[in-house]
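Right, one structure below, let's go through it.
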Amino acid sequence: MEEYETILGTNAAVIAISTDDMTSHKRFCENLKDAVPFPLGSDKDLAVSQLYEVLDDTNKRSRRAIFVVSNNGIIEHKIDPYQPANESQLLSIFEALGVSF
């Protein structure tokens with residue numbers, strides 16, 4: 001995954017968190033052709049989703065969102081909701097990390 005390598009080159013880390021449990025994550029990874037190169041975390045109790053204000057209207061799941069968080073814990077960039085097919089959103093993540101193409 002070329003984008004992931006570019007992100008690592010900025011000394012950033014990638015962590016994916018969802019409201020699914022770890023059993024669901026395991027099944028998800030087993031169904032992928034290639035392994036996910038970054039850690040997957042579970043927010044089953046919705047604590048992280050509440051903290052980052054990404055709960056959906058039902059307050060039972062989170063919206064897909066992306067955050068660029070500085071080493072000081074400051075949110076430098078937020079995309080909510082994140083749409084993977086939206087190229088400008090993807091490019092904005094790299095811009096927030098100081099990468100230009």
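Only the coordinates and a few stated rules stand behind these numbers; no lab work does. No experiment lies behind these values; they were computed from the predicted model shown. For neighbour counting, all protein chains shown are included, and Cβ atoms are generated from backbone atoms with ideal geometry for every residue, glycine included.
General observations
- Members of region 51-68 found to be in a loop (DSSP other than H, G, I, E, B) and either touching a Lys or Arg at 6+ places or on another chain (Cβ under 9 Å) or more than 17 Å from residue 83 (Cβ to Cβ) (or both), listed by number: 52, 53, 54, 56, 57, 58, 59, 60, 65
- So residue 53, is it exposed (fewer than 14 other Cβ atoms within 10 Å of the Cβ) and either touching a His at 6+ places or on another chain (Cβ under 9 Å) or within 22 Å of residue 100 (Cα to Cα) (or both): no
- Selection of region 61-83 for residues being in contact (Cβ under 8 Å) with a residue 24 or more places away in the chain and within 13 Å of residue 19 (Cα to Cα) yields 61, 62.
- Counted residues, region 1-31 - those being part of a helix (DSSP H, G or I) and under 27 Å from residue 50 (Cα atoms): 10
- Extreme residue, farthest from the chain's Cα centre (by Cα), among residues of region 32-50 that are part of a loop (DSSP other than H, G, I, E, B) and loosely packed, with under 10 Cβ neighbours inside 10 Å: 33
- Condition check for residue 101 on (1) under 15 Å from the mean Cα position of the chain (by Cα); (2) part of a loop (DSSP other than H, G, I, E, B); (3) aromatic (Phe, Trp, Tyr): one failure, at (1).
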